[in-house]
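All of the numbers you see were taken from the coordinates with simple rules; none came from a lab. Everything numeric here is computed off the predicted structure, so don't read it as measured data. Cβ atoms come from the backbone with ideal geometry, glycine included; neighbour counts cover every protein chain shown.
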Amino acid sequence: SYEDGVDNFNSVNHIILDPQSSTPMKVYEVTYENIERLNDRQWFPPLYLTDEERDIVETNGTVLVLGRSGTGKTVVICNRMDYDWRRFGCDPTFSQLFVSRSPRLRNFVRDNVEGFIGNQMEARRFMTFNNLLQDLESKLPADVGSSASFLPSQQMTFLRFKNDIYSSDCSISALIVWRNIHVFIKGSVESLRNQEGLLVSEYIKLGAKACALSPDQRKIVYKEYIKYLKYMSHKKLWDACDRVRSIVKRLKTTSSDLMTSIRESKIYVDEIQDYTQLELLLFFMLSGPDALFLAGDPAQSVVDGADFQFKD
């Protein structure tokens, strides 16, 4: 990474592949001064970077890294966190936050980044997205206009939607309807203009590059959405969009002092394709200008309702 003498390291644009799986092997940089630290099980040597990866790590401003699985995106995030800490860590107000949906991915990044320095620091946090939401809900003033308590037992899921709401004779698949509700009607930035998301006219007017469905197909989706809203209201349920919308609303009305204490100097998010526009807006609100480092695979998503398009 960025230990003394790293400039003398002969970095080339070459990735060493595991001959058994054809995936990139983990290669570490160990300088002469750190050879004795190899006996310390709490220390992780920094991961080796190609010239291209090093250029990405040292890019200023908000960065979006795109790549398929196994191309080293997470390694770049680890090294970017280390790089930023070495540049700004002497500032007592500097803070870092890494976010992922997966606890396993969070633990991997935490172990690697903390291994670079050799200890844990309060100014550097590693959280799952759900942990982040819980943390914000505990710090922000209550949403006066909402009675939602967001109990896990009352959460609307895709399976519940498919089994209890979705019309079996609908010409559009349940997953596509669900994604359109959560990506566009309730999960887009534009949906914040209305309490119940995009109006049917606004949804139909979305460009073909944003939403692949035809106007007639969108009308069918919106009919399913009306049923969805009525069912949710009757059963007093909530979905992921409701929760994020509530937090965004509370952030907009919170005091400047509290907002300053909540903001992070730098935020790093992996698997960004698993987030909606509203969730991305949350990251922008929690970070300062030019303070985001995002990485993801546009061809892969493991979360129902996430249909991320990087051009958005």
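Among the residues of the range 207-231, count how many are crowded, with 19+ Cβ neighbours inside 10 Å and not β-branched (V, I, T).
Matching residues across the range 207-231 total 7.
So the check is Cβ under 9 Å with 6+ separation or different chains; which pairs have a first residue in the range 166-178 that's closer than 18 Å to K230 by Cβ and a second one that's of a type in the set (D, E) and in a loop (DSSP other than H, G, I, E, B)?
W178/D304
When S167 is evaluated against the numbered criteria (1) of a type outside the set (V, I, T); (2) in a helix (DSSP H, G or I); (3) touching an Asp or Glu at 6+ places or on another chain (Cβ under 8 Å), which criterion, by number, is the only one it fails?
Of (1) of a type outside the set (V, I, T); (2) in a helix (DSSP H, G or I); (3) touching an Asp or Glu at 6+ places or on another chain (Cβ under 8 Å), only one is false for S167: (2).
Among F94, F98, F161, which is more than 29 Å from R263 (Cβ to Cβ), in contact (Cβ under 8 Å) with a residue 40 or more places away in the chain and not polar (S, T, N, Q)? Can you show your working first?
Details: F94 fails: more than 29 Å from R263 (Cβ to Cβ); F98 fails: more than 29 Å from R263 (Cβ to Cβ).
The unique qualifying residue is F161.
Sort out which residues of the range 224-254 are charged (D, E, K, R) and at negative phi, and write them in order of number.
Once the filter is applied, which keeps residues that are charged (D, E, K, R) and at negative phi, the range 224-254 yields E224, K227, K230, K235, D239, D242, R243, R245, K249, R250, K252.
Does R250 satisfy the criteria of being over 30 Å from K73 (Cα atoms) and not in a loop (DSSP other than H, G, I, E, B)?
Answer is yes for this residue.
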